[in-house]
Amino acid sequence: MRGPSRKAGKRPGAAGYETTDVSARLILLAGVGLFAGAALSIVIAFGVLRSVEPVRQPRSPSFNSQLDGGPRLEVSPSADRVLLQAGARERLEGYGWIDQSRQTARIPIDRAIAILAMRGWPDPAEKTGGSP
């Protein structure tokens, strides 16, 4: 029976792992190089951004006309809300024409619900005379 084989460059009795440390100087130089590269990239980016002039596009005519008259602000938002709600309530609770030439009118929503409950939902198949 043979003894354990020797690998080239290995001494008998040597440890089974690397016995030398990484050079601290090499790690320090790599860290300084990375930091210097990042700093140089930031300086170059700021230099490029400062040297480029922004493109100024003319404003559209509609934007300029709004500026000439000043901003349109609500003077009394609560009063505007009350007027808006009153108009909506009038449309929901009152009678009126939607299109008088076509004889289309609106009725109060409570009345419309009562009519639908009494007659049922209209079936489109009945109008066309065919089956769906």
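The values are calculated or read from the model by the stated rules, or taken from the named source; none is laboratory data. Everything quoted here is computed from the prediction, not taken from an experiment. Because the Cβ atoms are built from the backbone with ideal geometry, glycine has one as well, and the counts that use them run over all protein chains shown. Surface areas here come from the heavy atoms of the whole protein model, side chains and all, with no ligands, DNA or RNA. Shrake-Rupley method; radii C 1.70, N 1.55, O 1.52, S 1.80 Å.
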**Request:** Considering every residue within segment 71-91, establish whether at least one is over 38 Å from the mean Cα position of the chain (by Cα) and either open to solvent by less than 100 Å² (accessible area, probe 1.4 Å) or at pLDDT 90 or above (or both).
**Result:** no
**Request:** Determine whether segment 8-22 contains at least one residue that is at pLDDT 80 or above, among the aliphatic types (A, V, I, L, M) and open to solvent by less than 100 Å² (accessible area, probe 1.4 Å).
**Result:** no
**Asked** Taking segment 92-116 as the region of interest, how many residues are open to solvent by 80 Å² or more (accessible area, probe 1.4 Å), β-branched (V, I, T) and touching a strand residue (DSSP E or B) at 6+ places or on another chain (Cβ under 8 Å)?
**Response** 1
